[in-house]
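Just below is one structure, and these are the notes that go with it.
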Amino acid sequence: MKTAGFFFIILFMFMSCSEKKGIDKYNFLVKKELASQKKVDSIFFGIHLGMSRKTFFTRCWEMNKKGIFSDGTGNNFVLYKLDNQLKYPASMNFYPDFNDSTIWRMRVNIQYNGWAPWNKYLNADSLLPDVFSMYKKWYSEGNPFININDKKRGTLYVKVDGNRRITIGKYDDVIVKVEFTDMLVEKQRRNKDEK
């Protein structure tokens, strides 16, 4: 009994240290990348951080006419079908947040199309490593992704290049969320909210 208790104490200490290591590595990388003043704004499909609202809608309309994009969930998102890029067919719904009519954050929800409560192999637990693998290929340039273990949200994968941060994590049993953020705008918005 004492051995089991000791084992759990050691395990907890190791997990706490590894969680802190990931966060420390992330904080160091953010400072370094922002100090470099390097601008990295690409998201996907010609869409980028800082793109105007009008240009975003025009781009989506062009992609829709080509059959690449369509109306997404509740007509509140843009849908891109991931038919051959993951282990199973999936849907990628995305839509940006605008600051002064330009994109400062892109929110992406990905799920396997065949998900149902009885299809455990299509849960977000299986989807997360699949999405992470795909995004590592899509965003192979620059800094590697950092693995952060968050007590509330579980495993997060974070990539920081210049002002752009990409965060990948499980949202619930079905959805994996990806978020692209312009950290400079995020900082400005935070400072404005604090005043």
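The values are calculated or read from the model by the stated rules, or taken from the named source; none is laboratory data. Treat the numbers as computed from the prediction; the structure is a model and nothing was measured. Please note: Cβ atoms are built from the backbone with ideal geometry, for glycine as well, and neighbour counts cover all protein chains shown. Note: accessible area is taken over every heavy atom of the protein model, side chains too, but ligands, DNA and RNA are not part of it. Shrake-Rupley method; radii C 1.70, N 1.55, O 1.52, S 1.80 Å.
Using only protein heavy atoms and a 1.4 Å probe, report how much of Leu184 is accessible, in Å² to the nearest 10.
Near enough 90 Å² of accessible area.
Treating the angle as unsigned and between 0 and 90°, give the value, to the nearest 10°, between the Cα long axis of helix 183-194 and the longest Cα principal axis of the chain.
80
With every protein chain left in place, what is the accessible area of Arg105 in Å² (1.4 Å probe, nearest 10)?
Only protein atoms counted, so the area is about 60 Å².
Calculate the spin-label point distance for Glu179 paired with Lys120, positioning each point 7 Å from the Cα along the beta-carbon direction, and give it in nanometres.
3.0
Kindly state, to the nearest 0.05, the FRET efficiency for Lys187 paired with Ser140, given R0 = 35 Å and r defined as their beta-carbon distance.
Efficiency for this residue pair is about 0.85.
What is the P(r) of the range 48-102, as percent of Cα-Cα pairs per 10 Å bin from 0?
Here the calculated profile for the range 48-102 is 23, 48, 25, 4.
Once a ≥ b ≥ c are taken as the square roots of the eigenvalues of the Cα gyration tensor of the range 128-195, is the result rounded (a/c under 1.5), prolate (a/b larger than b/c) or oblate (a/b not larger than b/c)?
Here the range 128-195 falls in the oblate category.
So if R0 is 25 Å, what FRET efficiency would Asp150 and Phe45 give, r being the distance between their Cβ atoms, rounded to the nearest 0.05?
Efficiency computed from Cβ-Cβ geometry: 0.30.
Calculate the dipole size of the chain relative to its Cα centre from +1 charges on Lys and Arg beta carbons and -1 charges on Asp and Glu beta carbons; express the result in debye to the nearest 20.
So the magnitude is around 400 debye.
Relative to a virtual label point 7 Å from the Cα of Thr73 in the Cα→beta-carbon direction, which members of the range 160-189 show backbone nitrogen distances below 16 Å?
From the range 160-189, the list is 168-180.
Using the alpha-carbon atoms, what tilt in degrees (0 to 90, nearest 10) does helix 2-36 show relative to the longest principal axis of the chain?
Once rounded, the angle reads 40 degrees.
Pairs of Cα atoms under 8 Å, at least six residues apart: use those to get the relative contact order of the chain, whole percent.
Here the relative contact order equals 20 percent.
How much length would be gained if the chain were fully extended between Lys66 and Lys25, taking 0.36 nm per residue of separation minus their Cα-Cα distance, in nm to one decimal?
10.6 nm
Under 15 Å from the Cβ of Asp125, count the other residues' Cβ atoms, weight Lys and Arg +1, Asp and Glu -1, and hand me the total.
Charge balance in the 15 Å sphere: +2.
How far, in degrees from 0 to 90, does helix 53-65 lean away from the longest principal axis of the Cα atoms of the chain, to the nearest 10?
It is inclined by approximately 80 degrees.
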